[in-house]
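Following: one structure in structure tokens, then a few remarks.
The values are calculated or read from the model by the stated rules, or taken from the named source; none is laboratory data. These figures come from a predicted structure and were not determined experimentally. Positions of Cβ are backbone-derived with ideal geometry, glycine not excepted, and every protein chain shown enters the neighbour counts.
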Amino acid sequence: MTVHTQHINMTRTPLPILPISLGVLFLGTAITMPFWGQAYWLHEFVNISCFFIFAMMWNLLAGYGGMVSVGQQAFFGLGGYFVLAMGNLAGVSPFIGIPLAAILTAIMALPLSKLAFRLNGGYFAIGTWVIAEVVRLTVANISIVGGGSGTSLTAFRGVDRVFRQHMTYWIALTCVVATVALILLFLRSKQGLALQAIRDSEVAASSQGVDVIRMKLAVYVVAALGCGLAGALYFASNLRISPDAAFSVNWTAFAIFIVMIGGVGRIEGPIIGTFVFWLINHYLSDYGTWYLIGLGGLAIVMSLYMKDGLAGFIHRKTGKDFLSIKRIYRSK
Amino acid sequence: MSGSPFKDDNKNKAGPNIMKPLSRRSFMKGVFAASAASAVSLKAPFVHASDTLRIGFISPQTGPLAVFAEPDDFTMMQIFQKIKNGVEIDGRRHDVEVIYKDSQSNPSRAATVTAELILKDGVDLVVASSTPATCNPVADQCELYGVPCITNDAPWQPYFFGRNGDPKTGFDWTFHFFWGLEDVVGSFSNLWQQIPTSKAIGTLWPNDEDGNAWGNSDRGFPPVLKQKGFEVIDRGRFQTPINDFSSFISEFRRNDVDIVTGVIAPPDFANFWNQAGQMGFQPKVVTVAKATEFPQAVRAFGERAEGLTVELMWSPSHPFKSSLTGQTARELANDYMATTSRPWTMPLGLKHALFEVAIDVLQRAGSKDPEVIRDAIKATKLDTIVGPVDFQNGPVPSVGKTPLVSGQWQKRGKDLDLVIVENSQAPMIPVEAELLPIQYKS
């Protein structure tokens, strides 16, 4: 390989064949699931997809872009509110409303980024949280979407139940696949490399000709799009929205938990993390307060003893990167 | 069962003995400890599984609304006693199973566990209770999946209009029984006319499901109060939780407010009431819903709790009987206090009534067919521990009304008791005492 690329001393790792073929197998099984699976599993998949997409976006922002935000719930909630508002007020079918809501959320992210980007590091984290609170309070005072009381999505009343379940499931599946594929391809691209350079040092990256501001803005907007998508999907299946539930900081807390358990700054991190989170949620959430204490305890243990998460642990043990975006230095 | 087998030292009291130190952990907790917080299956063996009727029960066991779920363990125990040998329907015994889920006081979580109960556990009937934040998301999911649902303990307007219900048609699958704003407006306004005041009312209506409904200028308190000659000092909807009420208190003082009302959570009211004390604001009547319904919350105010008034949807003095155990309201409360060593609390009656209706419906339906169960709910005519439940004669379809009176925390011996002082909306419930203005020392 090096013979043909003598003038390039950085090469991409080959696209990961094994995980991709496993993914295709998963996809084949998943697409047909409505025809053989139980309704419960479809519902469960839609629910967990929202957490997954949201966590992927947080990982993109923090793990690759170095922007640690605790205010991503702003976009999650906006996505949810857009899909409900379009459904209830304009009669837009939620199936069309979901992607539209994601796009509207991304547009909202443009002016909000002007505020957020004036801050750095820890200030950025707090600033994004403040922005999310401002969005929550603003929505709580818009009476057409129920104000502080919230509202129920009525657009699905009268829609055939099986059709709705299958459609919601396929939309969720499409969103999941698109999220993974786009992030993988993006991070393997030149822009992806630039993004990671910014994370490691903004000054150094900009001295190498990387347009830091534009790059950060692009990632911030893409993350908002993804979070809006997750929120739209979640509330279209949950039906009931209120500002306190939609803009709860818990959403971001769960995303951070998922990414930390899985491994920050690794694509497979949120995948593994979401799976672990789902297992814990599925089997232990009936234990009330103890469940929440356990989640917190686990996060502390992971951050103390396994900083790179389960994905990092697997990598250290096996030496393998399953969804690699690395470029490896090869000498001539 | 009549009377409790335990010694009853509250026999002559109208309300709970709130000053008594309580043991948080009763033996009941021990019995359920291993499984209480989880999905408790109340299952009877020896019955063919396919005949099992499943009831899903959603309640806020954790989070800010947890105080509503306090009687759950006790109610579940009573229901277990009732259904452990199955329920007889048309001469056949059916196994009945109750699956208990925690909403974590979060509407999103409530919707998620409802979908889980419907899709995974295949419940035939869903019941839920405690505020619109629990009832509305649960009912929305049931409506969507076509599963019969009964809820209570949330005024019917936030339940019905909060879910964008159409007063002409109602909902297909979901039913609700409780009082409405018209009852609480009627009862409170009548209560406030009993003693001479400045007729100026200061309001604490937050920006949430309840506050928006109570403060609504068409359907809420303001039009009725103005018509009855009261002056309303409303500073608009505010965000909760809230720490600082000083601007409210100053404005109330400026306007010579004698009556304070609202619907806020116990921690918010604690802030308000403490700050009112510090600023020397001394209203004659304080009727704040939600905050002072619970003996645990009221106990925290010590002496300053005396004279507070609140709406009463159930008390040991209500002249009703359980269709399930035959207990009177007084006997149920005594049984609860003896078993758990805790004071009685209003959700006890409502949780009990919820299961009274659920078991009655399943007995009359005698089938797992959702439409048959739904029609059985519609046809309900049952005298429960909170009063008669009937979905045919409600203010809107799908809603049945139960009676409401007002009570006051008054001194009985050394302790405070919640006694009935107003019954204009439900004359069948006798008044126990006269309303007294709040007394201030110094």
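A search for C-beta distances below 6 Å between a residue of segment B:329-343 that is of a type in the set (S, T, N, Q) and any residue that is at pLDDT 95 or above, counting only pairs 6+ apart in sequence or on different chains, returns B:340/B:74.
Quick one: would you say residue A:309 is within 14 Å of chain B (Cβ to nearest Cβ), more than 22 Å from residue A:43 (Cβ to Cβ) and either surrounded by 22 or more Cβ atoms within 10 Å (Cβ to Cβ) or touching a Leu at 6+ places or on another chain (Cβ under 9 Å) (or both)? In short, no. Would you be able to say whether some residue in segment B:419-430 is closer than 22 Å to residue B:86 by Cα, modelled with pLDDT of 95 or more, among the polar types (S, T, N, Q) and not in a strand (DSSP E or B)? The answer is no, given that none of the residues of segment B:419-430 is closer than 22 Å to residue B:86 by Cα, modelled with pLDDT of 95 or more, among the polar types (S, T, N, Q) and not in a strand (DSSP E or B).
Taken together, B:145, B:100 contain a single residue that is of a type in the set (Phe, Trp, Tyr), at the interface with chain A (Cβ under 9 Å from one of its Cβ atoms), under 27 Å from residue B:401 (Cα atoms) and buried (at least 24 other Cβ atoms within 10 Å of the Cβ), which is B:100. When we screen B:179, B:205 for residues that are free of Cβ contacts under 8 Å to residues at least 60 places away in the same chain and out of contact with any Cys (no Cβ under 9 Å at 6 or more places or on another chain), the only hit is B:205. Applying the criterion of at least 2 residues that are surrounded by fewer than 24 Cβ atoms within 10 Å (Cβ to Cβ) and away from every other protein chain (no Cβ under 14 Å) to the helices (runs of 4 or more DSSP H) found wholly in segment B:168-284 leaves B:181-192, B:221-227, B:246-254, B:266-279. Flag: residue A:91 matches the condition of being outside any helix (DSSP H, G or I) and either polar (S, T, N, Q) or touching a residue at least 60 places away in the same chain (Cβ under 8 Å) (or both).
A single entry from A:246, A:224 fulfils the requirement of being buried (at least 19 other Cβ atoms within 10 Å of the Cβ), within 14 Å of chain B (Cβ to nearest Cβ) and out of contact with any Cys (no Cβ under 8 Å at 6 or more places or on another chain): A:246. Figure legend. Inter-residue proximity from segment B:82-105: first residues farther than 24 Å from residue B:326 by Cβ, second residues among the acidic types (Asp, Glu), beta-carbon distance below 8 Å, spacing 6+ or different chains. Indicated pairs: B:99/B:121; B:100/B:72; B:101/A:286; B:101/B:116; B:102/A:286. The selection criterion, being touching a Phe, Trp or Tyr at 6+ places or on another chain (Cβ under 7 Å) and either of a type in the set (Phe, Trp, Tyr) or crowded, with 19+ Cβ neighbours inside 10 Å (or both), does not hold for residue A:271.
Could we say that residue B:136 is over 18 Å from residue A:285 (Cβ atoms) and within 10 Å of another protein chain (Cβ to nearest Cβ) here? Yes, satisfied.
Yes/no matrix, rows are residues, columns are (1) modelled with pLDDT of 95 or more; (2) crowded, with 24+ Cβ neighbours inside 10 Å:
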| position | (1), (2) |
| --- | --- |
| B:331 | yes, no |
| B:338 | yes, no |
| B:352 | yes, yes |
| B:364 | no, no |
| B:367 | no, no |
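Residues that are touching a helix residue (DSSP H, G or I) at 6+ places or on another chain (Cβ under 9 Å), of a type in the set (A, V, I, L, M, F, W, C) and within 14 Å of another protein chain (Cβ to nearest Cβ) within segment A:160-171 comprise A:162, A:167, listed in sequence order.
Taking segment A:64-78 as the range and being surrounded by fewer than 24 Cβ atoms within 10 Å (Cβ to Cβ) and assigned to a helix (DSSP H, G or I) as the test, only A:64 passes. When the criteria are applied in full, residue A:157 fails the requirement of being free of Cβ contacts under 8 Å to residues at least 60 places away in the same chain and farther than 30 Å from residue A:38 by Cβ. Quick one: is residue B:114 buried (at least 23 other Cβ atoms within 10 Å of the Cβ) and either more than 11 Å from chain A (Cβ to nearest Cβ) or of a type in the set (Val, Ile, Thr) (or both)? So residue B:114 fits the description; yes. Within the option set B:383, B:369, being within 23 Å of residue B:182 (Cα to Cα) and among the charged types (D, E, K, R) holds for one residue only, B:383. Answer with yes or no whether residue B:291 is closer than 21 Å to residue B:179 by Cα, outside the structural domain of residue B:410 (by TED's automatic domain parsing) and aliphatic (A, V, I, L, M). Answer is no for this residue.
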